[in-house]
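Provided herewith is a single structure, encoded as C-alpha cells, for subsequent inquiry.
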Amino acid sequence: MPYATVNGVRLFYTDSGSGIPVLFLHGWGTSGRVWDAQVADLAADHRVVTVDWRGCGRSDHPATGNTTATNVTDILALTDQLGLGRPWLVGSSIGATFALEAALAAPERVAGVVSINGPGHWPSQGMAGALRSLGAALAADRPAALAEWVPRWFAPAADPALAEQTVQQILQSGTFIDELFAESSLQDPRATIGRLRVPAVFVHGRLDTEIPLEVSRDLAALAPYGEFHAIEQAGHMPHQEQPALVNALIRTVLIATP
C-alpha cells in the first residue's frame with residue numbers, strides 16, 4: 001500500500017490517473033475513502049490523489065501536531081513528494097479549511113481550491129458551545145456520541161449506510177484529532193480570505209444542518225476569485241450524497257484551469 005512519510009508522520013494515499021492534478025482532503029475523522037465516487041469518475045482524465053491526513057484512517061495517529069497548521073505543512077510536503085506541481089485542492093468540511101489555508105500560505109504551489117461544506121467562521125461564531133458539549137460527549141462515550149451526531153450530517157433522503165460507514169471510519173481514526181475542535185472555535189477566516197490569490201469555489205449542500213449555507217456564500221463573496229454553488233438535496237456530505245452533481249461541478253472547474 002502506498003505511504004509517504006512527511007514531517008515524521010506516515011500518511012496513506014492513493015494516486016490514480018494522469019492529467020491535471022487534484023488532491024482530495026477528507027473531513028474530520030473520516031478518510032480518503034469518502035472520495036471513492038470522485039476517484040472513479042475523475043481519474044479517467046485527471047491525476048487524482050487522496051490522502052488520509054494525520055490521525056485518520058490508515059495513516060499514523062500521532063498524539064501531537066493535530067492542528068490546521070501542521071496539516072497544511074503535511075499537505076504541501078506531500079504535493080512536493082509526489083511531484084504534483086500546482087494541484088487543485090478539494091476539501092470537505094475541515095479538509096476545506098486545510099485547503100484554503102494551504103492556498104493562503106503557498107499560492108504558488110496551489111492552482112485553486114474547491115471548498116465543500118467548509119466550516120469557515122461558524123465553529124467560532126455559531127457553535128462554540130456545541131463543540132464543547134460534543135467534546136465532552138466524545139470523551140464520555142465516543143461510539144454513542146458519534147451514533148447520535150453523524151446521521152445529522154446527511155440529508156433525510158440519504159442512504160443510511162453512509163452514516164453507518166462514516167461512524168466506523170471515525171472510530172478507526174485516532175482520538176487526538178479532537179484537538180481540532182478547540183482550535184476551530186477560535187478561527188475566523190473572513191479576516192484573511194481577502195488575501196487569497198487563487199480561484200476558490202465554495203460548494204455547499206443546501207440541507208446541511210451542521211454548517212449554514214450562508215457560511216460558504218459569505219466566504220465566496222469575500223474571496224477575490226470566489227464563486228458559490230449550492231447542491232440541492234444534500235446535507236454536509238454532498239460528494240457522497242450527490243456525487244454526480246459534485247463531480248460535474250469539479251470537472252467544470254478543472255476545464256477552466258490553464
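The values are calculated or read from the model by the stated rules, or taken from the named source; none is laboratory data. The structure displayed is predicted, hence computed values, not measured ones. Counting neighbours? That spans all protein chains shown, and the Cβs are built from the backbone with ideal geometry, glycine included.
Identify the residue in the stretch 207-245 that is part of a strand (DSSP E or B) and small (G, A, S) and, among all such residues, is farthest from D188 (Cα to Cα).
A230
While we're looking at this one, here's another question. All but one of (1) surrounded by fewer than 17 Cβ atoms within 10 Å (Cβ to Cβ); (2) farther than 26 Å from L213 by Cβ; (3) in contact with an Asp or Glu (Cβ under 9 Å, 6 or more places away or on another chain) hold for A105, so report the exception by its number.
The one condition A105 does not meet is (3).
Now for a different question. Got at least one residue in the stretch 126-140 being of a type outside the set (A, V, I, L, M, F, W, C), out of contact with any strand residue (DSSP E or B) (no Cβ under 6 Å at 6 or more places or on another chain), closer than 30 Å to S16 by Cα and touching a residue at least 60 places away in the same chain (Cβ under 8 Å)?
Scanning the stretch 126-140 turns up no residue that is of a type outside the set (A, V, I, L, M, F, W, C), out of contact with any strand residue (DSSP E or B) (no Cβ under 6 Å at 6 or more places or on another chain), closer than 30 Å to S16 by Cα and touching a residue at least 60 places away in the same chain (Cβ under 8 Å).
If you go through the stretch 1-38 one residue at a time, how many are in a helix (DSSP H, G or I) and either surrounded by fewer than 21 Cβ atoms within 10 Å (Cβ to Cβ) or modelled with pLDDT under 95 (or both)?
3
Still on this structure, I have one more. Has the stretch 81-90 got at least one residue that is within 21 Å of H239 (Cα to Cα), surrounded by fewer than 24 Cβ atoms within 10 Å (Cβ to Cβ) and of a type in the set (D, E, K, R)?
No; the residues of the stretch 81-90 include none that is within 21 Å of H239 (Cα to Cα), surrounded by fewer than 24 Cβ atoms within 10 Å (Cβ to Cβ) and of a type in the set (D, E, K, R).
Please identify the pairs in which a residue from the stretch 37-52 that is without any contact (Cβ under 8 Å) to a residue 40 or more places away in the chain has its Cβ atom under 7 Å from the Cβ atom of a residue that is charged (D, E, K, R), counting only partners at least 6 apart or on another chain.
Correct list of pairs: V49/D15.
How many residues are modelled with pLDDT under 95, of a type in the set (A, V, I, L, M, F, W, C) and within 17 Å of D208 (Cβ to Cβ) when one looks only at the stretch 123-156?
The total comes to 4.
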